[in-house]
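Enquirer: Before I ask anything, let me first share the structure, which is written out below as structure tokens.
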Amino acid sequence: MTKFTLFATAIFLLFLNACQYPVGSSALTDPQKFLVIDAVLTQNYGKVRVSNSLTDVNALGGYFSAPPPPFTTTYILDSHGNRVDFSPDGTADSSFHGVVGETYQLFVQIDGKNYESNPETMRICPEIDSIRPIFSRESFRDPNDVNYDGFDVYSFFQDSPGAENYYQWDWIHYARAIACDRKYNQAEGKDVLYPCDPLDCWTISYNPAVVVQSDKLRDGQPIAQKIVRVPFIRPPYKYYLRLEQRAITPSVFAYLQSIETQTQHVGTLFDVPAQTKFSPNIHNVDDPAEQILGVLNVFSYRYQIIYVDRKQKINGAEARLITDGTPFVADPFAKAPCTENQYRTQKKPEKWED
């Protein structure tokens, strides 16, 4: 890979975060704070995140790293009374293995207050038959729009017959991070890019939209669902996607669908304040009127990893080189640490290909 390609890639990654999914910031008009209880139970892991401050919620709806409230206990019980305790800091516990058909209930104790969820039963998720990126031109867009030419990525699967089923899709995108910092150099009159240390470093992007569907009127039939649109731009030529298909519960489906109806750009399960939807299945035992952010999401899932080939030849279309146009220089002696966090990692993504 040439030096130009490396730094063009870095510029692109910095640019993409700003332009691909534009989301306006939300400013609270009321300093009121809400308890956040966000729990996920799957067949491969479980996690519970508890926070007592709304300031932990960012413009995309996710939360920054903040300690849980003091004296917090979180645990779940299954239908047989078996108890599993979780750390309230949101760390995924891979020793937990949920069972399809089993029912789970969440309990949280904070400074003498007791919170619990409604019982939620884990449903079976059908296998993904295939994931396919399909090229299309969205002629309703301005030709200069980054998504004018792109690939709509679909999941194809067979719905399980004889029951009402509810599905959710999610994705994660990894890209090699060439620059881990960027600063303006007044003497040069240009930005300086700082290569990552170590060089094996990846940026992480998450799905900012709610994607759900039910099998209403389509029981037992093949279903195709669009998950994400990948722009036909470069770099990089190979666009990594980890796509996840989930079988969710009716209450969580209704909750997410109400968010999807209002806005397609929410960060996680919260968008404060205008589109706020308070928890549909977690409540304060002693004060049911308390409004809580978050949800207990119990689901089984399937996933696939694909690469969208943006080097391929498309009749009448060509991948565009995208940079932000900012002049930059390379400082061969300057480096910036690849700090492990929600948006950057030194861990090589599964099935990664350079």
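Enquirer: Just name the residue that is modelled with the highest pLDDT out of those in region 182-196 that are open to solvent by less than 80 Å² (accessible area, probe 1.4 Å) and within 30 Å of Lys347 (Cβ to Cβ).
Expert: Once the filter is applied, the top-ranked residue is Cys196.
Enquirer: Could you please find all residues in region 151-168 being within 25 Å of Ala319 (Cβ to Cβ) and either at pLDDT below 95 or open to solvent by less than 10 Å² (accessible area, probe 1.4 Å) (or both)?
Expert: Scanning region 151-168 gives Phe151, Val153, Ser155.
Enquirer: Are any of the residues in region 113-135 touching a strand residue (DSSP E or B) at 6+ places or on another chain (Cβ under 6 Å), under 29 Å from Tyr307 (Cα atoms), surrounded by 14 or more Cβ atoms within 10 Å (Cβ to Cβ) and modelled with pLDDT under 95?
Expert: No, the conditions are met nowhere in region 113-135.
Enquirer: Continuing with the same structure: Select from region 216-251 the residues that are farther than 30 Å from Ala175 by Cβ, out of contact with any Pro (no Cβ under 7 Å at 6 or more places or on another chain) and touching a residue at least 24 places away in the same chain (Cβ under 8 Å) and list them in ascending order.
Expert: Within region 216-251, the subset farther than 30 Å from Ala175 by Cβ is 216-222, 249-251.
Filter once more, keeping what is out of contact with any Pro (no Cβ under 7 Å at 6 or more places or on another chain): 216-218, 221-222, 249-250.
Result: Lys216, Arg218, Gln221, Pro222, Thr249, Pro250.
Enquirer: Please verify whether Gln186 is of a type outside the set (A, V, I, L, M, F, W, C) and free of Cβ contacts under 8 Å to residues at least 40 places away in the same chain, treating the condition exactly as stated.
Expert: Working: of a type outside the set (A, V, I, L, M, F, W, C): yes; free of Cβ contacts under 8 Å to residues at least 40 places away in the same chain: yes.
So Gln186 fits the description; yes.
Enquirer: Can we say Pro208 is farther than 18 Å from Tyr167 by Cβ, open to solvent by 30 Å² or more (accessible area, probe 1.4 Å) and within 25 Å of the chain's Cα centre (by Cα)? If you could, list the steps in order and put the result at the bottom.
Expert: Values: farther than 18 Å from Tyr167 by Cβ: yes; open to solvent by 30 Å² or more (accessible area, probe 1.4 Å): no; within 25 Å of the chain's Cα centre (by Cα): yes.
Judged against the criteria, Pro208 is not a match.
Enquirer: If you scan region 91-101, which residues turn out to be closer than 24 Å to Ile292 by Cβ, assigned to a loop (DSSP other than H, G, I, E, B) and of a type outside the set (A, V, I, L, M, F, W, C)?
Expert: Of region 91-101, the ones closer than 24 Å to Ile292 by Cβ are 91-93, 96, 98.
Checking the rest, the ones that are also assigned to a loop (DSSP other than H, G, I, E, B) come to 91-92, 96, 98.
Those that are closer than 24 Å to Ile292 by Cβ, assigned to a loop (DSSP other than H, G, I, E, B) and of a type outside the set (A, V, I, L, M, F, W, C): Thr91, Gly98.
Enquirer: Mind listing just one residue for me: the one in region 261-274 that is more than 24 Å from Thr74 (Cα to Cα) and open to solvent by 50 Å² or more (accessible area, probe 1.4 Å) and, of those, modelled with the highest pLDDT?
Expert: Among those residues, the one meeting the criterion is Thr261.
Enquirer: Next question, about the same structure. At least 1 residues that are in contact with an Asp or Glu (Cβ under 7 Å, 6 or more places away or on another chain) in each: list the strands (runs of 3 or more DSSP E) lying fully within region 132-208 that qualify.
Expert: Working: elements: 149-158, 166-176, 179-185, 190-197, 202-206.
Because the criterion is at least 1 residues that are in contact with an Asp or Glu (Cβ under 7 Å, 6 or more places away or on another chain), the strands (runs of 3 or more DSSP E) in region 132-208 that meet it are 149-158, 166-176, 179-185, 190-197.
Enquirer: Condition first: closer than 15 Å to His80 by Cβ and under 25 Å from the mean Cα position of the chain (by Cα). Now tell me which residues in region 101-118 satisfy that. Before you say what the answer is, go through the steps one by one.
Expert: Step one: of region 101-118, the residues closer than 15 Å to His80 by Cβ are 101-105.
Tyr104, Gln105, listed by residue number.
Enquirer: Take the residues of region 298-312 that are part of a strand (DSSP E or B) and open to solvent by 10 Å² or more (accessible area, probe 1.4 Å): which is farthest from Ala39 (Cα to Cα)? Steps first, answer last, please.
Expert: Quick first cut of region 298-312, residues part of a strand (DSSP E or B) only: 298, 300-309.
From what is left, the residues that are open to solvent by 10 Å² or more (accessible area, probe 1.4 Å) are 301-307, 309.
On the way: Tyr301: 16, Arg302: 19, Tyr303: 20, Gln304: 23, Ile305: 25, Ile306: 28, Tyr307: 30, Asp309: 35 Å.
Ranking the qualifying residues of region 298-312, first place goes to Asp309.
Enquirer: To continue, here is another question. Give the residues of region 226-235 that are modelled with pLDDT of 95 or more and open to solvent by 30 Å² or more (accessible area, probe 1.4 Å), sorted by residue number.
Expert: Listed by number, the list holds a single entry, Lys226.
Enquirer: Name the single residue that is farthest from Leu293 (Cα to Cα) among those in region 30-75 being of a type in the set (Phe, Trp, Tyr) and modelled with pLDDT of 85 or more.
Expert: Residues of region 30-75 that are of a type in the set (Phe, Trp, Tyr), as a first pass: 34, 45, 63-64, 71, 75.
Now restrict to residues that are modelled with pLDDT of 85 or more: 45, 71, 75.
Numbers: Tyr45: 22, Phe71: 19, Tyr75: 18 Å.
Restricting to residues being of a type in the set (Phe, Trp, Tyr) and modelled with pLDDT of 85 or more, the top hit is Tyr45.
The values are calculated or read from the model by the stated rules, or taken from the named source; none is laboratory data. Just so you know, these numbers come straight off a predicted model, no measurement behind them. A quick note on method: Cβ atoms are made from the backbone with ideal geometry, for glycine too, and the neighbour counts reach across all protein chains shown. For accessibility, only protein heavy atoms count, side chains too; no ligands or nucleic acids. Shrake-Rupley method; radii C 1.70, N 1.55, O 1.52, S 1.80 Å.
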